[in-house]
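**Q** Pasting a structure below so you can have a look.
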Amino acid sequence: MTLRLTIAAPFKHTRKTGMRKNELVYYYALDRKWMSTEQANLLLKRAEEDGLLGLANGLYSPRFDISGLILPVGFKPGSGIFEQHDPVQELIGRIARERSLQETDVVAEMNRIIKENFDTHLLPPAALVLLARKHGVPFGDLLDALRGAVKK
């Protein structure tokens, strides 16, 4: 959630729906002093890869609803926003915990779904969503990142 808040912050503060890259880097690095310019560029790249930011006509805009997000007073993102997040691995872990299985068993079941039901024409993130839905494991918060994983 901190990554989403960090991405939403400049749009909420400026009340803009789209911003140029240099405006966002300025906001993160110079205005708020949350990070260096290199880190700000890395943040934008990661947010775009994860499907949190979209780029159209030279303007970045959030690909999620920021109206419901509330920025706490004194909000400052931690270094955790730069850690690589693998939504596929996280969903595998959730399913394993929910069903009291080993992660290898979840991967084996995912592979069975891909091979037997879709003749190997299904990507692992999609198979995991089917598996999570089948067992009632929540995955809504990972959906944007999973879509980004499918596009890579």
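The values are calculated or read from the model by the stated rules, or taken from the named source; none is laboratory data. On a predicted model such as this, the values are computed, not experimentally measured, just so you know. Cβ sites come from the backbone with ideal geometry, for glycine too, and all protein chains shown count toward neighbours.
**Q** If you go through the range 70-93, how many residues are outside any loop (DSSP other than H, G, I, E, B), touching a helix residue (DSSP H, G or I) at 6+ places or on another chain (Cβ under 7 Å) and of a type outside the set (Val, Ile, Thr)?
**A** Filtering the range 70-93 down to residues outside any loop (DSSP other than H, G, I, E, B) leaves 79-82, 87-93.
Checking which are touching a helix residue (DSSP H, G or I) at 6+ places or on another chain (Cβ under 7 Å) leaves us with 80-82, 87-88, 90-93.
Filter again for of a type outside the set (Val, Ile, Thr), leaving 80, 82, 87, 90-91, 93.
The qualifying residues number 6.
**Q** Further question on the same structure: With the checklist (1) farther than 18 Å from ARG94 by Cα; (2) in contact with a Phe, Trp or Tyr (Cβ under 6 Å, 6 or more places away or on another chain) in hand, flag the one item HIS121 doesn't pass.
**A** Tallying (1) farther than 18 Å from ARG94 by Cα; (2) in contact with a Phe, Trp or Tyr (Cβ under 6 Å, 6 or more places away or on another chain), HIS121 fails exactly one: (2).
**Q** Ok, one more. Looking at the range 118-140, which of its residues are loosely packed, with under 12 Cβ neighbours inside 10 Å and in a helix (DSSP H, G or I)? Steps first, please.
**A** Narrowing the range 118-140 to residues loosely packed, with under 12 Cβ neighbours inside 10 Å: 119-121, 133-134, 136, 138, 140.
Correct list: ARG133, LYS134, GLY140.
**Q** Any residue that is at pLDDT below 90, outside any helix (DSSP H, G or I) and not acidic (Asp, Glu) - is there at least one of those in the range 98-109? Don't jump to the end; show me each part of the working.
**A** Keep residues of the range 98-109 that are at pLDDT below 90, which gives none.
No; the residues of the range 98-109 include none that is at pLDDT below 90, outside any helix (DSSP H, G or I) and not acidic (Asp, Glu).
**Q** Turning to a different aspect of this structure: So in the range 13-38, with the set limited to residues that are under 19 Å from ALA56 (Cα atoms) and touching a residue at least 24 places away in the same chain (Cβ under 8 Å), which one is surrounded by the most Cβ atoms within 10 Å (Cβ to Cβ)?
**A** Step by step, filter the range 13-38, then rank; the result is LEU24.
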